[in-house]
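The next block holds one structure in the form of structure tokens; read it before the comments.
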Amino acid sequence: MKKYIFLVFLLSSFKLFAQNASIVGTVFDKTTGSPLEFSSVSIYDNQSQLIQGTIVDNKGKFIIKSLSAGIYHIKIQFLGYDQKFINDLNLSNSQKLNLGKVELSPNEKLLNEVKVTGQQIQSFNKIDKQIYKADQFASAKGGTAVDAIKNLPSVAVNGQGEITLRGSNGFLVLINGKPIQGDAQNILSQLPANILENIELITAPSAKYDADGKGGIINITTKKGSDAGFSILANSQGGLPSTISYGNLENQQRFGGDLTINYKKDKWDFSASANYLINDNAGFREGYVFTIINGIKTNFPSNGERSFDKYNYGGRFNIGFKPNKNDDFSVGFFAGYKFQDRLANLNYNNTKTNINGQIIGLKQYFNSNLQNKNADFILGNFDYSHTFKNKSSLSFSALYEFDNIYGSTKNRNIEALDTVQNTLSTYDNPLNGLRAKVDYAVNVGKGKIEMGYQFRMDKQKGSFIYQESYSGSAFAIIPQFTGVVNSRNDIHSVYSQFSGKVNKLEFVGGLRYENAKRDLKVSNINNDFKLNYDNLFPSANILYSLNKGYKIKASLSRRVQRNNNFELNPIQEREHSETLEQGDPNLLPEFVYLAEVGLIKNLNKGSFFTTIYFQDIKNPIRRVNNIYADTILNRIFTNAGKSQKIGFEVGTNLQPAKFYSLYVGANFYGYKIQGSILDQTVSVNNNGLVYSFNMNSNFTLAPTWALQANLNYLSNRPTAQGQDSRFLSPNASIKKSFLDGRLTALLQWQNIDLGTKESNRQRITTSGPAFYTTTNYIYETDVLMLNLNFNLNKLTRKLKLIGSEFGEKEF
């Protein structure tokens with residue numbers, strides 16, 4: 001028996017030893033000399049049977065392991081390039097064959113066809129992220145980044161335009177890897193979809209990233225510039241009003257354009273971009289509210305126009321200088337303006353009844369409410385990186401931002417053509433922000449150590465004035481709603497992490513330490529609201545490659561969702577006839593632990609993944625209602641105890657036929673929130689199942705014609721005091737290319753409804769011990785848009801164009 005066991009052990013060891021050969025190499029563009037990330041590498045045996053396959057990394061490198069001795073053939077391919085075949089590779093036992101630099105030559109015919117008939121891989125999964133090609137979402141063309149990211153499996157956008165990542169509206173946005181410390185919705189709504197290259201979802205970030213964002217990180221990479229010479233990317237769009245009329249006072253305008261140019265010669269690289277977009281939105285609002293005070297019930301249903309006038313424009317440029325292969329300098333600048341008017345013209349019918357149900361009061365009036373927001377953005381940044389002889393690297397970056405943020409709310413209550421109450425709220429809220437960071441990375445054996453330090457600061461001085469006028473009298477300032485708010489945030493952070501790969505296992509582990517200080521002063525409150533806290537943010541990610549293209553991954557991360565100044569401002573603002581807005585200067589940040597386990601499968605013509613995740617959230621920040629007066633609710637930001645999510649998501653990219661590709665993503669999670677609000681006077685206990693579904697289909701009708709249809713669906717969602725209804729948005733588009741693909745025309749049909757009254761509308765309902773409110777927001781449907789895109793010369797590098805870091809969150 002011992003001899004038999006020894007023989008089995010000897011044979012097994014010999015077999016494992018015999019499968020220890022490997023092949024490595026690096027794939028480059030023959031013309032430009034740049035790495036061709038995401039190229040595919042396939043290896044075949046001597047009978048032309050596929051043995052293994054892999055995708056090269058962002059440096060063009062690949063490795064194929066666990067090969068036995070024998071003769072092999074390799075095929076390397078990337079869309080738009082001629083395939084490369086390397087035949088008759090004779091491997092011996094344990095041999096490590098290095099193919100060195102493998103060059104692919106551009107195929108001009110394929111490059112011309114890729115605009116319409118390309119079949120490149122549309123999504124990738126890495127150890128810490130999912131990567132999606134933005135061009136696959138034709139419905140987003142001419143719009144903004146919001147229109148693109150809402151198609152991803154983890155992302156949903158509701159009727160208010162609020163973006164959530166795995167159900168969380170708190171997440172960090174990166175533009176080309178740079179953190180943007182603003183409100184995600186505002187930032188992404190300024191970024192033209194036409195310049196997007198990839199969208200990366202980082203749901204369990206490592207320690208080197210900012211700890212901000214309880215939902216994770218969305219990294220947007222922009223279109224690329226030419227590797228030498230001059231390139232132009234230009235887009236224009238125009239649209240018709242909705243086919244449905246809501247009786248709005250103005251016709252909606254929809255037009256705009258953007259232009260990106262890049263010039264590179266020798267050691268210099270210049271990029272510039274400019275955009276203008278006006279994208280009005282018609283709509284209607286149906287609401288019902290009741291309050292009960294001292295046994296008197298007041299009902300005040302309302303209905304009327306709720307529309308938006310929106311436009312923004314801006315210009316960016318970046319100058320890069322690379323004096324040698326080891327040093328890289330970059331200077332950037334951005335200036336822009338953003339405008340939004342929200343008009344709500346509502347008719348109210350108020351009824352008061354006593355405890356016996358008898359009507360004791362009736363009133364009808366018209367409320368005109370105009371909310372205006374403006375912001376001027378000015379930013380400048382400097383970046384420097386150096387690579388040492390031992391391949392270690394040191395980088396430094398700094399950004400300064402000044403924003404002028406201002407606006408007003410005009411609120412008129414009109415009875416029988418007389419303005420019985422006229423209120424005017426104005427604010428001026430300039431902001432200064434600074435970010436400086438230094439990072440160092442060094443290879444240690446087969447791994448890498450990264451470490452760094454970062455300082456962030458933003459300060460803001462807001463002046464808020466509230467005035468009232470009755471029946472034509474002069475405006476008078478109301479001290480209760482008037483004041484000055486000074487705020488400052490300082491954050492120091494250091495991190496270190498180690499990453500590497502051992503055989504089939506990839507891993508990243510690290511720790512981030514942060515000290516954060518917050519100081520808030522309010523002129524009409526004799527108190528300084530200060531918060532000083534230290535925190536550790538550990539993270540761990542692993543990815544293990546199995547046989548037959550399967551991979552498993554697991555991640556753990558701790559995150560924080562910090563409070564912005566809007567949530568902290570205690571000065572009440574009269575936003576509507578029926579509502580006051582108010583922050584809480586004592587709010588605490590949210591802290592969350594994220595954990596996930598996933599499975600990835602690379603298919604011959606696509607990919608598939610599924611992930612199970614868990615989120616444990618402390619101090620969830622919610623906006624809740626309570627009664628201010630018989631016809632006014634006070635909306636207050638508050639911490640609401642604790643919440644949890646357990647869910648799973650699934651996504652796949654398939655190409656079942658040469659002319660057809662399909663992308664499907666879905667997210668399901670159970671949500672529970674428990675605690676108390678409003679100074680611990682009201683308990684919260686709500687739960688429910690939430691799911692979202694996104695689908696995108698592409699059909700190649702002819703060499704220069706393509707058709708796309710997509711669907712976004714978000715289910716009902718429980719909130720701290722009620723429920724938000726489901727939201728549906730179907731879209732379709734048809735594209736025609738000209739001039740060998742350099743010019744394309746895209747006709748879009750947005751928010752398809754066809755009279756069903758199901759698309760682009762959402763109801764929000766909340767209730768408390770003595771109030772109930774429900775509002776149905778109805779937005780325009782069946783909108784037609786035409787987009788033209790012109791691309792001169794091939795684009796192959798990411799453009800370094802900056803955006804707002806601080807001011808967007810206060811807009």
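Annotations for the structure displayed:
- Residues being of a type in the set (Asp, Glu) and within 21 Å of Val485 (Cβ to Cβ) - total across the stretch 502-537: 2
- Considering the conditions (1) more than 22 Å from Pro479 (Cα to Cα); (2) in a loop (DSSP other than H, G, I, E, B), Ile571 is excluded by exactly one of them, (1).
- Filtered residues of the stretch 477-503 (kept if open to solvent by 30 Å² or more (accessible area, probe 1.4 Å) and in contact with a Ser or Thr (Cβ under 7 Å, 6 or more places away or on another chain)): Val484
- Residues in the stretch 574-601 that are in a strand (DSSP E or B) and open to solvent by 50 Å² or more (accessible area, probe 1.4 Å) were compared, and the one that is farthest from Gly670 (Cα to Cα) is Leu599.
- Criterion applied to Asn716, Asn731 was being under 22 Å from the mean Cα position of the chain (by Cα) and under 20 Å from Ser242 (Cβ atoms), and the one residue passing it is Asn731.
- For the stretch 354-378, the set of residues classified as loosely packed, with under 11 Cβ neighbours inside 10 Å, assigned to a strand (DSSP E or B) and of a type in the set (Val, Ile, Thr) consists of Ile359 only.
- Selection of the stretch 270-300 for residues being outside any strand (DSSP E or B) and buried (at least 19 other Cβ atoms within 10 Å of the Cβ) yields Asp280, Ala282, Phe300.
Conditions (1) among the hydroxyl-bearing types (Ser, Thr, Tyr); (2) outside any strand (DSSP E or B); (3) open to solvent by less than 50 Å² (accessible area, probe 1.4 Å); (4) at positive phi, marked per residue:
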| residue | (1), (2), (3), (4) |
| --- | --- |
| Gln723 | no, no, no, no |
| Ser729 | yes, no, yes, no |
| Leu746 | no, no, yes, no |
| Ile752 | no, yes, yes, no |
| Lys757 | no, yes, no, yes |
| Arg763 | no, no, no, no |
| Ser767 | yes, no, no, no |
| Tyr772 | yes, no, no, no |
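- Counting only strands (runs of 3 or more DSSP E) that sit completely within the stretch 602-671, those holding 2 or more residues that are within 30 Å of Ser39 (Cβ to Cβ) correspond to 606-618, 642-657.
- Identity of the residue in the stretch 407-464, more than 28 Å from Phe507 (Cα to Cα) and out of contact with any strand residue (DSSP E or B) (no Cβ under 7 Å at 6 or more places or on another chain), that ends up surrounded by the fewest Cβ atoms within 10 Å (Cβ to Cβ): Leu417
- Residues within the stretch 684-705 that are closer than 22 Å to Val592 by Cβ and either at pLDDT 90 or above or surrounded by fewer than 17 Cβ atoms within 10 Å (Cβ to Cβ) (or both), tallied: 8
- Unmet criterion (only one of (1) buried (at least 20 other Cβ atoms within 10 Å of the Cβ); (2) within 26 Å of the chain's Cα centre (by Cα); (3) more than 23 Å from Lys150 (Cβ to Cβ)) for Gly651: (3)
- Test: Val508 is touching a residue at least 12 places away in the same chain (Cβ under 8 Å), within 23 Å of Ile449 (Cβ to Cβ) and under 33 Å from the mean Cα position of the chain (by Cα): yes
- Candidates are the residues of the stretch 379-403 that are open to solvent by 60 Å² or more (accessible area, probe 1.4 Å) and not in a strand (DSSP E or B); the one that is modelled with the highest pLDDT is Phe388.
- Here Asn712 passes the criteria (1) surrounded by 15 or more Cβ atoms within 10 Å (Cβ to Cβ); (2) at positive phi except the one numbered (2).
- Taking the criterion of being of a type outside the set (A, V, I, L, M, F, W, C), open to solvent by less than 50 Å² (accessible area, probe 1.4 Å) and within 30 Å of Ile465 (Cα to Cα), the residues of the stretch 504-559 that qualify are Arg518, Asp519.
- Long-range neighbours under 6 Å by Cβ, at least six apart or interchain, first residue under 14 Å from Gly287 (Cα atoms) and among the hydrophobic types (A, V, I, L, M, F, W, C) within the stretch 750-776, second in a strand (DSSP E or B) and open to solvent by 50 Å² or more (accessible area, probe 1.4 Å): Phe771/Ile627
- Counting only residues that are modelled with pLDDT of 90 or more and surrounded by fewer than 19 Cβ atoms within 10 Å (Cβ to Cβ), the stretch 604-625 holds 5 of them.
The values are calculated or read from the model by the stated rules, or taken from the named source; none is laboratory data. Since the model is a prediction, treat every value here as computed from it, not as a measurement. Heads up, the Cβs are rebuilt from the backbone with ideal geometry, glycines too, and the neighbour counts pull from every protein chain shown. Quick note on the areas: whole protein, heavy atoms, side chains included, nothing else; ligands and nucleic acids left out. Shrake-Rupley method; radii C 1.70, N 1.55, O 1.52, S 1.80 Å.
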